[in-house]
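To start, the structure under review is shown below, and the notes come after it.
Just so you know, all these numbers are worked out from the coordinates, no wet-lab data involved. Just so it is clear, the structure is predicted and the values come from calculations on it, not from any experiment. Heads up, the Cβs are rebuilt from the backbone with ideal geometry, glycines too, and the neighbour counts pull from every protein chain shown.
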Amino acid sequence: MTRVFAFVDADNNPQVGVEWRGVTYNFTLAWDLFRQIKLDATAPQFPFVELLLESGLFYSETFDELFETLMEFRSIKDLRIRGHWQLRAPVQRPQKVIGIGRNYGRHALELGNAIPDEPVFFAKSPSSIIASGDRIVLPKDVGRVDYEGELALVIGKEGQNIAPEQAGEYIAGYTILNDVTARDIQKQDKEKKLPWFRAKSYNTFCPLGPWLVPAGEIADPQDVQVTVRVNDEVRQNGHTGDMLFPVNEIVAYLSRHMTLMPGDVVATGTPEGVGPLQPGDTVEVEVGDIGVLRNPVR
Ligand code: MG
């Protein structure tokens, strides 16, 4: 499986990495060589995954062609990532992060909500994004803060009024998102008929990653297991086949209300089993073959 991630090197330079045929390479460096060999020096460079999404190149075929071409000219061994580096979220500054609420029937019921007849969506501030491995910081005086493990999709092409059967063309890839929520604050705001925005948007409340997997690598996004463990104990164990609104319908519905842009992140909702986090916990969200998003809590 081809899996893409973002990182910074020892000098804090942003780079893109890719796991290709089981080995991790520096894609930014590989592309730079590729453009010298096959393209020209004015071709764009790709220090961020967002730029790859905006260029419409986020396909497994891009990585296959790149590395197969380079292998004709040289060994690609020296393109492996070396030295000190640090993981970043695969998408760090999306224009928007949208969450779908109550998209699994049993989760809607566990929080005392009715099963919706159309998708419920809300915003999370992009400034809440952190990488796998980064700490979730529980704010003071907000009461209960919950984990919510979710499959997330990332948009690869600008679109509005997208038909459900066309939605796949707009989904660049899939990743994992922990939709951390200040539950008591959300409850207070719900009672006052206020939006959920602040409960969803505290700093560090959007762990994202570790990998972004090209959509073509996921055979069926509605056949993926979503598991959350806190301190190695399973707390959520759901299946995306139980979503009330599948990913294609979510993309179509959102695009009737707003233009979706490359890099936009959509969290597709959480299965039942949400619960509170405590300082010292480690929370892991595992989604199918995409990987494990792991964050300590402070
Ligand atoms: Mg959620």
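Report, to the nearest 10°, how far helix 60-73 tilts away from the longest principal axis of the Cα atoms in the chain, using its own Cα long axis and a range of 0 to 90°.
Compared with the principal axis, the helix lies near 20 degrees.
Can you give the extra length, in nm with one decimal, that the chain gains between ASP11 and ASN113 once fully stretched, where that is 0.36 nm per residue apart less the Cα-Cα distance?
Difference between extended and current length: 31.9 nm.
Mind checking the alpha-carbon convex hull of the stretch 72-150 and giving the volume per residue in Å³?
202 Å³
Using the Cα centre of the stretch 252-294 as origin and beta-carbon charges of +1 (Lys, Arg) and -1 (Asp, Glu), tell me which of VAL266, TYR253, LEU293 is placed farthest towards the positive end of the dipole.
Farthest towards the positive end: TYR253.
If we count other beta carbons within 10 Å of each Cβ, what is the order of HIS239, HIS257, HIS107, fewest first?
Fewest to most other Cβ atoms nearby, the residues stand as HIS257, HIS239, HIS107.
Is the shape of the stretch 3-87 best called rounded, prolate or oblate, per the rule: a/c under 1.5 gives rounded, else a/b larger than b/c gives prolate, else oblate, with a ≥ b ≥ c the square roots of the Cα gyration tensor eigenvalues?
It is rounded, given that a/c, with a ≥ b ≥ c, falls under 1.5.
Taking the Cα centre of the stretch 116-215 as origin, work out the dipole magnitude from +1 charges on Lys and Arg Cβ and -1 charges on Asp and Glu Cβ, in debye rounded to 20.
Charge dipole, the stretch 116-215, about its Cα centre: 520 debye, nearest 20.
For the stretch 126-197 and the stretch 227-281, compute the distance between their C-alpha centroids and round to whole Å.
7 Å
According to the square roots a ≥ b ≥ c of the eigenvalues of the Cα gyration tensor, what is the shape class of the stretch 165-266, taking rounded for a/c under 1.5, prolate for a/b larger than b/c otherwise, and oblate for the remainder?
oblate
Assign unit charges at the C-beta atoms only (+1 for Lys and Arg, -1 for Asp and Glu), then state the dipole size of the chain relative to its Cα centre in Debye, rounded to the nearest 20.
1040 debye
Note down the relative contact order for the chain as a percent, whole number, built from C-alpha pairs under 8 angstrom at least six residues apart.
In percent, rounded to a whole number, it is 24.
Within the chain, how many lysine pairs that are 8 or more places apart, or on different chains, have C-alpha atoms less than 24 Å apart?
Lysine pairs meeting both conditions in the chain amount to 22.
Per DSSP H run of n ≥ 4, the term is -39500 (n - 2.57); total these for the chain, divide by its residue number, and report the mean residue ellipticity at 222 nm rounded to 500 deg cm²/dmol.
Taking each H run of at least 4 residues, the total per residue is -5500 deg cm²/dmol.
Give the share of C-alpha pairs in each 10 angstrom bin for the stretch 220-293, from 0 to the last occupied bin, in whole percents, shortest bins first.
Pair shares across the bins are 17, 42, 30, 11, 0.
Does the stretch 143-190 come out rounded, prolate or oblate, given a ≥ b ≥ c as the square roots of the eigenvalues of its C-alpha gyration tensor, rounded meaning a/c under 1.5 and, failing that, prolate meaning a/b above b/c?
Note, shape of the stretch 143-190 comes out prolate.
Taking the Cβ-Cβ separation of GLU169 and GLN278 as r and a Förster radius of 45 Å, what is the calculated FRET efficiency to the nearest 0.05?
It comes out at approximately 0.60.
Among ALA219, ALA89, LEU29, flag the residue with its Cα farthest along the positive direction of the charge dipole of the chain, charges on Cβ as +1 for Lys/Arg and -1 for Asp/Glu.
Going by the charge dipole, the pick is ALA89.
Expressed as cubic angstrom per residue, what is the convex hull volume of the alpha carbon set of the chain?
Residue-normalised Cα hull volume stands at 130 Å³.
Modelled label-to-label distance, VAL234 and ASP189, 7 Å Cα→beta-carbon offset: nm?
So the two model labels end up 3.3 nm from each other.
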